[in-house]
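Report on one structure; see the data block that follows.
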Amino acid sequence: MTKQSDLMVDGDLVRALAALLEETGLSEIEYAQGDRRIHVVRNAPTVPAVTVSMPPPSAPAGAPVAEAEPLGAVKAPMVGTAYLAPQPGAARFVNVGDHVREGQPLLVIEAMKVMNQIQAPRSGHVKEILVADGTPVEFGQILMVLE
């Protein structure tokens with residue numbers, strides 16, 4: 001049986017995806033987390049469509065619960081390939097333990113042959129780097145944790 005909370009659409013996520021479409025000039029984008037998928041289309045002949053596929057019924061009691069997002073998480077603002085250094089063979093932008101300033105480059109995400117610099121949203125220390133160099137990343141994926 002599907003719970004009422006499973007039928008709720010994350011309006012903030014849909015607005016963020018729509019803003020990303022506007023910013024990048026794309027006509028559609030899909031975001032998936034587990035079995036839930038959100039597909040946003042812009043400039044369609046009719047009203048923009050949002051489709052949400054529902055996850056299967058909840059796991060039985062006692063099953064592990066997904067962890068909350070860590071405080072200081074730096075998320076991918078787009079889909080692409082993450083690079084931890086400005087060019088092959090160069091030193092990384094940052095390493096675990098480094099102190100960073102707000103606006104300092106942390107990594108780049110290549111999307112459609114464009115290198116997009118991802119900057120520190122605030123000052124702090126790099127607690128974790130959760131992506132490997134040259135790996136694909138999804139919109140909203142946690143890339144690093146600052147403390």
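All of the numbers you see were taken from the coordinates with simple rules; none came from a lab. All values derive from a computational prediction rather than experimental measurement. A quick note on method: Cβ atoms are made from the backbone with ideal geometry, for glycine too, and the neighbour counts reach across all protein chains shown.
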Task: Gain upon complete extension [THR24, VAL96; 0.36 nm per residue less C-alpha separation] - done: 22.8 nm
TODO: Please work out how much length the chain gains when fully extended from GLN87 to LYS75, using 0.36 nm per residue of separation minus the C-alpha to C-alpha distance, in nm with one decimal.
DONE: 2.2 nm
- [ ] Quickly rank 21-32, 70-81 as a protection proxy: mean count of other C-beta atoms within 10 Å, highest first.
- [x] 70-81, 21-32
